[in-house]
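S.K.: Let me begin by handing over the structure; questions about it come next.
Read-outs throughout are calculated quantities, based only on the coordinates presented, and are distinct from any laboratory measurement. Everything quoted here is computed from the prediction, not taken from an experiment. Cβ placement follows ideal geometry from the backbone for every residue including glycine, while neighbour counts extend to all protein chains displayed.
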Amino acid sequence: MSNTAKPHLSVDEIIAQETRLTLRRFTHEDAWKLGSLLVEMAHLREAPVAIDIRRNGQQLFHAALAGSSADNDAWIDRKRRVVERYGESSYLVGARHRAKDTSFEDSSRLDPDRYAAHGGSFPIRVEGAGVIGSVTVSGLPQAEDHAMVVEALERFTT
């Protein structure tokens, strides 16, 4: 887990992350750079994760590191669908439900086999365009998946 990871971020903290991490642009090359950064981070931490980056429905980057499995790909799809539907990180959507003392599964009326409001999928938001894609990590506890994506985006934007 990164130094900036906190196990339970508030809704406001997650919103602030998403606002702060709005990008000026996001190209195919940017997807490669961000994905490669995530792979490097995961290798250094020996994190058994799968990584996925999409823009406008197209998969631009995918990596499955040692220790990950096809289950991680299924989790990626479920978390990514939450970002696509709500335009917010999967962790934020889950946090909103937890703040209301309910669960996403109980109150969203969406199929839990297709949607998971667990941390790890983060919207790629571009100035003037809104949410155009997602970056997703799966394989760690949800707060750590989310923190890894946030840390990579912070490094990517500096």
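S.K.: In segment 55-90, which residues are charged (D, E, K, R), farther than 14 Å from Glu144 by Cβ and touching a His at 6+ places or on another chain (Cβ under 9 Å)?
M.R.: Those that are charged (D, E, K, R), farther than 14 Å from Glu144 by Cβ and touching a His at 6+ places or on another chain (Cβ under 9 Å): Arg55, Asp73, Arg78.
S.K.: I've got another one for you. Looking at segment 81-158, what helices (runs of 4 or more DSSP H) fall wholly within it and have at least 1 residues that are closer than 17 Å to Arg25 by Cα?
M.R.: Here the list reads 142-157.
S.K.: When the residues of segment 91-120 are filtered to those that are buried (at least 21 other Cβ atoms within 10 Å of the Cβ) and aliphatic (A, V, I, L, M), which remaining residue is farthest from Gly133 (Cα to Cα)?
M.R.: Result: Ala95.
S.K.: Which numbered condition in (1) without any contact (Cβ under 8 Å) to a residue 60 or more places away in the chain; (2) of a type in the set (Val, Ile, Thr); (3) assigned to a strand (DSSP E or B) is the only one that Ile53 fails?
M.R.: Only one criterion in (1) without any contact (Cβ under 8 Å) to a residue 60 or more places away in the chain; (2) of a type in the set (Val, Ile, Thr); (3) assigned to a strand (DSSP E or B) is unmet by Ile53, namely (1).
S.K.: Looking only at segment 37-90, count how many residues are more than 13 Å from the chain's Cα centre (by Cα), surrounded by 14 or more Cβ atoms within 10 Å (Cβ to Cβ) and of a type in the set (Gly, Ala, Ser).
M.R.: Total meeting the criteria: 6.
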